[in-house]
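Beneath this line is the structure, given in structure tokens, with notes to follow.
The values are calculated or read from the model by the stated rules, or taken from the named source; none is laboratory data. Being a predicted model, the structure only gives us computed values, none of them experimental. Cβ coordinates were reconstructed from backbone atoms using ideal geometry, including for glycine residues, and neighbour counts include every protein chain displayed. With ligands, DNA and RNA removed, areas are computed over all heavy atoms of the protein, side chains included. Shrake-Rupley method; radii C 1.70, N 1.55, O 1.52, S 1.80 Å.
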Amino acid sequence: MNFRKGENKRGKAGQIMLRTVLGISVLCMVAGCNKTTDPAAVADNTAREEQHNPVTISVGIKSTGYLSDEEFDRYFVQPVKKKHPWITLSRVTYTNNSLAGLVTAEQTPDIIISNNVNGMPQLEDLKLLESIEGLIKKHKLDVSTIEPEALEAIKSASQKAELVALPYSRNFGALYYNKDIFDRFGVPYPKDGMTWAEVAELAKLVTRNENGVTYRGLEPNVPERLASQLSLPLVDTKTEKTVINSDQWKKVLSQVVDIYRIPGNSQITTKSKGDDLFTKGTLAMIAEINIIFDAGLDKLKDLNWDIVSFPTWPEAPGVGIGPDEHLMVLTTTSKNKDDAFRVMAAVLSNEVQLDLSKNGRFSVLKDEGVKKAFGSNMDFMKTRNIQAVYKTSLAKPYQPTLYDTAVINVISKEMTNMVTSGKDINSALRDAEEMIDKNIQSAKSK
């Protein structure tokens with residue numbers, strides 16, 4: 001009997017407790033209560049989820065041609081610090097020759113800044129490339145926001161079906177011209193949509209010697225740049241022999257040599273040498289990539305220049321240079337792949353890419369707002385024909401090889417022979433082919 005009385009008391013107490021719990025549950029359902037409504041609890045849970053040990057991610061950057069210290073801080077260091085405060089970035093400067101030494105010494109950077117044109121073959125040779133598709137899915141990076149041509153160029157350069165790197169910027173092609181030279185000689189300015197033959201004819205009109213000053217009409221750029229518009233490879237990836245002794249390469253080299261054979265225009269001043277002549281005011285036109293910063297155009301307020309679209313080939317109307325992009329390669333040796341990938345993703349955010357675009361670096365995002373913002377932070381660009389950079393499309397990429405640089409050096413040598421000593425095109429290509437194949441076999445044997 002006593003047992004039954006106790007049982008009854010416990011039963012009533014249990015019923016009261018059950019009713020209380022049910023009542024609270026109902027109230028919570030009405031009020032929207034849950035375990036994360038408490039801000040302190042939410043913050044605590046978030047902190048617990050986001051707890052990371054401090055880590056340093058090293059970024060290998062070539063000594064020239066890529067990111068200045070200021071740009072590295074602006075587009076890499078600060079955005080990463082803001083988004084992932086536990087990550088610290090360190091800059092490691094390298095050259096093509098020193099990179100192998102870093103690998104041997106087990107000091108390979110977590111991320112290497114390179115390019116798709118001639119950088120990827122060396123990284124593949126050093127066994128630093130691997131698929132990042134798993135990390136892309138894990139960190140939910142939407143690569144569909146990136147220009148498909150930029151992604152295809154990476155796959156072509158690595159000769160792999162999966163992505164092994166991510167682009168963060170690319171170069172554009174344009175024909176830069178000095179308005180004052182054209183005005184001096186009463187010659188109409190170049191215009192968008194011109195072919196190489198048309199620009200060559202225009203160059204003849206502004207190649208003059210006046211008062212002891214030689215004004216050159218045009219610096220056309222290196223032959224391989226023009227060949228990229230036709231997607232011409234330098235070496236067959238299967239046979240590992242050069243393919244430059246062809247009708248298309250003959251067309252390219254002949255056009256370049258014809259430009260240098262314009263009386264008074266025979267000086268070969270590619271890349272920085274051409275930039276120097278242009279900024280000094282004695283070169284009327286130069287077909288180049290983004291040289292705004294490399295040539296110091298952003299600082300030359302008195303230089304009266306503008307741009308039009310990059311010259312094209314009749315058989316490839318509207319097609320500009322091949323993809324020439326700067327890449328972030330997450331190396332196989334990195335011990336901090338997730339955090340290294342977080343760095344890459346941060347640089348590809350709309351916020352960073354918009355800032356990059358506004359300050360004169362070409363974004364790889366498809367976003368029209370990002371594209372239209374190009375150069376908007378630079379007052380000196382507001383009077384330029386900025387839309388010229390969008391008047392040509394990217395050429396289909398060719399597959400680069402480890403031997404391309406050696407091929408380019410031989411082509412340059414034979415081009416010089418044609419310009420300075422009158423060597424004919426057939427002999428030049430035949431001799432170049434023979435020399436290149438020998439060099440490739442020699443390199444392979446070593």
Filter result for the condition that a residue is of a type outside the set (Ser, Thr, Tyr), at pLDDT 95 or above, under 25 Å from ILE440 (Cα atoms) and out of contact with any strand residue (DSSP E or B) (no Cβ under 7 Å at 6 or more places or on another chain), over LEU230, LEU253, LEU234 = LEU253
Of all residues in segment 167-194, which are within 20 Å of ASN221 (Cβ to Cβ) and part of a strand (DSSP E or B)?
-> SER169, ARG170, ALA174, LEU175, TYR176, TYR177, ASN178
Given the structure, is LYS391 more than 30 Å from VAL55 (Cα to Cα) and open to solvent by 50 Å² or more (accessible area, probe 1.4 Å)?
-> yes
Would you say ALA340 is within 18 Å of the chain's Cα centre (by Cα) and either in a loop (DSSP other than H, G, I, E, B) or of a type in the set (A, V, I, L, M, F, W, C) (or both)?
-> no
Could you say whether any residue in segment 364-372 is among the β-branched types (Val, Ile, Thr), in contact (Cβ under 8 Å) with a residue 40 or more places away in the chain, closer than 30 Å to LEU123 by Cα and crowded, with 23+ Cβ neighbours inside 10 Å?
-> yes
Count of segment 283-300 residues which are more than 19 Å from SER357 (Cα to Cα) and open to solvent by less than 10 Å² (accessible area, probe 1.4 Å) = 5
Single match in LEU151, LEU141 (criterion: in a loop (DSSP other than H, G, I, E, B) and under 19 Å from the mean Cα position of the chain (by Cα)) = LEU141
Name the residues in segment 95-113 that are open to solvent by less than 10 Å² (accessible area, probe 1.4 Å) and either assigned to a loop (DSSP other than H, G, I, E, B) or touching a helix residue (DSSP H, G or I) at 6+ places or on another chain (Cβ under 6 Å) (or both), would you?
-> PRO109, ILE111
Tell me which residues, restricted to segment 343-364, are assigned to a helix (DSSP H, G or I) and among the hydrophobic types (A, V, I, L, M, F, W, C).
-> VAL343, MET344, ALA345, ALA346, VAL347, VAL352, LEU354, LEU356
Residues being surrounded by fewer than 19 Cβ atoms within 10 Å (Cβ to Cβ), assigned to a loop (DSSP other than H, G, I, E, B), at pLDDT 95 or above and not acidic (Asp, Glu): count how many of those fall in segment 301-330.
-> 5
Set LEU129, LEU123, LEU135: member being over 30 Å from LYS444 (Cβ atoms), touching a residue at least 24 places away in the same chain (Cβ under 8 Å) and crowded, with 17+ Cβ neighbours inside 10 Å = LEU135
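Which is part of a helix (DSSP H, G or I), among the aliphatic types (A, V, I, L, M) and surrounded by 15 or more Cβ atoms within 10 Å (Cβ to Cβ), of VAL164, VAL77?
Going through VAL164, VAL77 in turn, the sole match is VAL77.
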Qualifying positions in segment 73-92 - free of Cβ contacts under 8 Å to residues at least 60 places away in the same chain, in contact with a strand residue (DSSP E or B) (Cβ under 6 Å, 6 or more places away or on another chain) and farther than 16 Å from SER334 by Cα = VAL77
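Restricting to segment 138-161, name every residue that is among the small types (Gly, Ala, Ser) and open to solvent by 20 Å² or more (accessible area, probe 1.4 Å).
Here is the first cut: in segment 138-161, the residues among the small types (Gly, Ala, Ser) are 144, 150, 153, 156-158, 161.
Answer for segment 138-161, where residues must be among the small types (Gly, Ala, Ser) and open to solvent by 20 Å² or more (accessible area, probe 1.4 Å): SER144, ALA161.
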